[in-house]
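Derivation of every value follows stated rules applied to the coordinates shown; laboratory data play no part. Given the structure is predicted, the values throughout are model-derived calculations rather than measurements. Here Cβ is always computed from backbone atoms with ideal geometry, including for glycine, and neighbour counts include all displayed protein chains.
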């Protein structure tokens with residue numbers, strides 16, 4: 001998925017092994033992932049995608065975090081993509097969850113960090129349409145023969 005504010009940016013889905021970089025997209029207020037070779041194309045992750053950073057991921061300190069002097073270093077290289085705040089259509093949704101449970105919005109990551117897509121979540125395979133149609137016809141024939149008077 002790609003955050004709501006990236007609708008005006010070219011996008012493509014992530015693939016295993018993609019080399020990503022955290023990017024501030026031109027003419028948006030959003031950061032996210034782009035391919036290292038295509039900085040103007042947002043790479044969209046699906047929930048459950050796992051990524052590994054070259055170094056511990058770092059967040060850009062924003063708002064109240066600056067006053068609390070909260071650490072910018074997450075302390076982790078591996079994270080799983082997820083979506084948050086789905087009940088608010090005007091909020092950022094794309095986030096990373098780290099092994100200790102901390103959740104960081106992609107738009108709060110420092111730009112220029114490099115990561116690699118480790119794995120995509122297991123997705124159900126689409127049912128073959130022809131096989132599905134054949135099964136439906138066979139089921140209908142079975143029902144008709146069972147309902148026929150003897």
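Quick notes on this one:
- Sorting 44, 2 from the fewest to the most surrounding beta carbons within 10 angstrom yields 44, 2.
- Rg/Rg_globular for segment 4-122, with Rg_globular taken as 2.2 N^0.38 Å and Rg from C-alpha atoms: 0.99
- In terms of other Cβ atoms within 10 Å, 87, 94 run from fewest to most in the order 87, 94.
- Panel order for 54, 97, by other beta carbons found within 10 Å of each beta carbon, from fewest to most: 54, 97.
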